[in-house]
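Some notes on the structure that comes next.
The values are calculated or read from the model by the stated rules, or taken from the named source; none is laboratory data. Since we're looking at a predicted model, the values are computed, not measured. Cβ atoms come from the backbone with ideal geometry, glycine included; neighbour counts cover every protein chain shown. We work out accessible area using only protein heavy atoms, side chains counted, and drop any ligands, DNA or RNA first. Shrake-Rupley method; radii C 1.70, N 1.55, O 1.52, S 1.80 Å.
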Amino acid sequence: MGVNGKVRVYFKELTLSTKTQYELIDITYEVEKAVRDSGISNGLCIIHAPHATAAIIANENEAGLIQDIIRSIKELYPRNAGWKHDIIDDNAAAHLGSAMIGSTRIFPVKDGRLVRGTWQNIFLVEMDGPRPYRRVVIEVIGE
Ligand code: ZN
């Protein structure tokens, strides 16, 4: 922060619905809009999914790659693989995916813009859909 900079916090919550069990939803537009709306020039943007069976990732929005990402998640965390959580709830694979991939990503904000690579779109990763209400919290912190 600058010597005289006053830290500000901007908070935005998105509500999304998912249509299938596994799905990537591109939220780049909404995240960049939140950074613009925040009026914050320099700081951090936190993107957080407050869910135990979903995750946040950054990568290229290319149809084949999206299928590859979903396939790799399914291969890394297969369903019906004898997970103990499946005894009480049928979604251990989704919990494992969320735990290992992570439900939060942080990007720098510089000169009023989110700093990301050209092929780094931001996605909510659904692993236990369909769900009528998935939330994504975007918090921009800076000056
Ligand atoms: Zn569960």
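Listed values, structure above:
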item	result
For q = 0.20, 0.22, 0.28 Å⁻¹, Debye-computed log10 I/I(0) when each Cα of region 59-121 counts as one equal scatterer	-0.87, -0.95, -1.16
Under the span-like rule (Cα at least 18 Å along the axis, Kyte-Doolittle mean at least -1.0), DSSP H helices of the chain	63-76
Kirkwood-Stokes translational diffusion coefficient of region 1-56, alpha-carbon pairs, 37 °C, 0.692 mPa s, µm²/s	241 µm²/s
Mean ellipticity per residue at 222 nm, deg cm²/dmol - from DSSP H runs of n ≥ 4 across the chain, formula -39500 (n - 2.57)	-7500 deg cm²/dmol
Listed residues Ile88, Leu114, Ser98: farthest to the positive end of the dipole of the chain (Cβ charges)	Leu114
Carbon plus sulfur fraction of accessible area for region 3-142, probe 1.4 Å, in percent	54 percent
Most fluctuating residue given options Leu14, Leu24, Leu44, as computed from a GNM of the chain linking Cα atoms under 10 Å	Leu14
Subset of Lys33/Lys74; Lys6/Lys110; Lys12/Lys74; Lys19/Lys84 violating a 23 Å alpha-carbon distance limit	Lys33/Lys74; Lys12/Lys74; Lys19/Lys84
Over region 2-143, volume per residue of the alpha carbon convex hull, in Å³	110 Å³
Mean accessible surface per residue for the chain, computed with a 1.4 Å probe while every protein chain stays in place, in Å²	56 Å²
